[in-house]
Amino acid sequence: AQSVAQPEDQVNVAEGNPLTVKCTYSVSGNPYLFWYVQYPNRGLQFLLKYITGDNLVKGSYGFEAEFNKSQTSFHLKKPSALVSDSALYFCAVKAGNMLTFGGGTRLMVKP
Amino acid sequence: SQTIHQWPATLVQPVGSPLSLECTVEGTSNPNLYWYRQAAGRGLQLLFYSVGIGQISSEVPQNLSASRPQDRQFILSSKKLLLSDSGFYLCAWTGVGTEAFFGQGTRLTVV
C-alpha cells in the first residue's frame with residue numbers, strides 16, 4: 001500500500017524568507033509525485049509534479065520541489081515567501097490508478 | 001481543453017435523506033475518476049475511484065456508494081444520510097501520467 005506523510009501540520013514563515021514544506025512517501029515502484037494548494041472552500045490547484053528526469057522540479061507561482069529517491073522525499077520549497085502563499089498544501093503520490101494524498105500542511109506567511 | 005464540473009456547490013440535507021452528487025469531465029476520454037472527502041479543512045480521504053464505465057473501487061466501507069454510468073460521469077450517492085457524512089466532497093480526474101484535476105467541491109451539511 002502506498003502512503004504519504006506530511007509531518008508538519010503548520011509551517012510559519014515571515015514574508016520574504018525561504019519556505020520548505022516537507023513530504024515523504026512510501027510506494028512500490030516508481031512514483032508520480034505532486035504538490036497541490038488549496039484555498040478556503042475551493043478545490044485543489046496543481047502546483048508541480050515529478051514524473052522522471054531532473055530531481056529539481058519547478059512549478060507555478062515560484063514554487064519548486066526536490067525529489068530525493070534515497071530519502072523518499074519530495075519537499076516543496078520557495079526562495080521568498082509571500083503573504084498570498086498562505087494556504088493548505090498537499091503532497092500526493094500516484095502509483096497505478098491509486099492517487100493518495102498526505103494530511104496537508106497549513107502554511108502561514110506573516111508580513 | 002479539459003474541464004471538470006461538480007455540483008452542487010453547497011447542500012444542506014436532513015438526516016435520513018438521500019444524496020446524489022454529480023461530477024462530469026469534458027475534453028478527455030477514459031479518465032480515471034475519484035471521489036474524496038475532506039473533513040474540517042484537513043486531509044483528503046479517498047472514497048471511490050473508477051478506471052472505466054461501471055468499474056468502481058471502494059476504499060472505505062461506509063454509508064456511500066458511487067456509480068459511473070458514462071465514461072465522463074461519476075456520481076456519489078447515499079440512500080440515507082448520517083450526520084457523520086457532513087464534509088467537503090471533491091471529485092477529480094487523471095489521465096495516464098498526468099496530475100489530478102479537481103472540481104470546485106461540494107460542501108455537504110447534514111442536519
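Above 22 Å lies some portion of the pair distances; for the stretch A:29-105, what is it as a whole percent of all C-alpha pairs? Intermediate results must be reported in sequence, preceding the final value.
Values: 603 of 2926 pairs.
Value for the stretch A:29-105 (Cα pairs over 22 Å): 21 percent.
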Computed over chain A, the relative contact order (Cα-Cα under 8 Å, seq sep at least six) in percent reads 38 percent
Given unit charges at Cβ for Lys, Arg (+) and Asp, Glu (-), the dipole magnitude of chain B about its Cα centre in debye, nearest 20, is 280 debye
The distance between the Cα centres of the stretch B:7-25 and the stretch B:54-96, in whole Å, is 11 Å
For the protein assembly as shown, the Cα gyration tensor yields equivalent-ellipsoid semi-axes (√(5λ), largest first, whole Å) of 30, 21, 15
Sequence order, the stretch A:21-26: Karplus ³J(HN,Hα) from phi using 6.51 cos²θ - 1.76 cosθ + 1.60, θ = phi - 60°, Hz rounded, Gly and Pro as x, gives 10, 8, 8, 10, 9, 9
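Where the accessible area of the protein assembly as shown is counted over protein heavy atoms with a 1.4 Å probe, how much of it, in %, is carbon and sulfur? Don't skip to the end; give the middle numbers.
Numbers: 5290 of 10250 Å².
Heavy-atom surface of the protein assembly as shown belonging to carbon and sulfur, 1.4 Å probe: 52 percent.
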Taking the dipole of the stretch A:3-110 about the Cα centre (Lys, Arg +1; Asp, Glu -1; charges at Cβ), the one of A:Asn30, A:Phe63, A:Gly104 that reaches farthest to the positive side is A:Asn30
accessible surface per residue for the protein assembly as shown, probe 1.4 Å, DNA/RNA/ligands not counted, whole Å² -> 46 Å²
Given unit charges at Cβ for Lys, Arg (+) and Asp, Glu (-), the dipole magnitude of the stretch A:23-108 about its Cα centre in debye, nearest 20, is 120 debye
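Of A:Lys49/B:Lys80; A:Lys22/A:Lys110; A:Lys22/B:Lys79, which ones are farther than 31 Å apart at the Cα?
Numbers: A:Lys49/B:Lys80 39 Å; A:Lys22/A:Lys110 19 Å; A:Lys22/B:Lys79 40 Å.
Beyond 31 Å: A:Lys49/B:Lys80; A:Lys22/B:Lys79.
The values are calculated or read from the model by the stated rules, or taken from the named source; none is laboratory data. Fair warning: this is a prediction, and the values are worked out from it, not measured in the lab. So basically every Cβ, Gly included, is an ideal-geometry build from the backbone, and we count neighbours across all protein chains shown. Heavy atoms of the whole protein, side chains included, go into the accessibility calculation; ligands, DNA and RNA do not. Shrake-Rupley method; radii C 1.70, N 1.55, O 1.52, S 1.80 Å.
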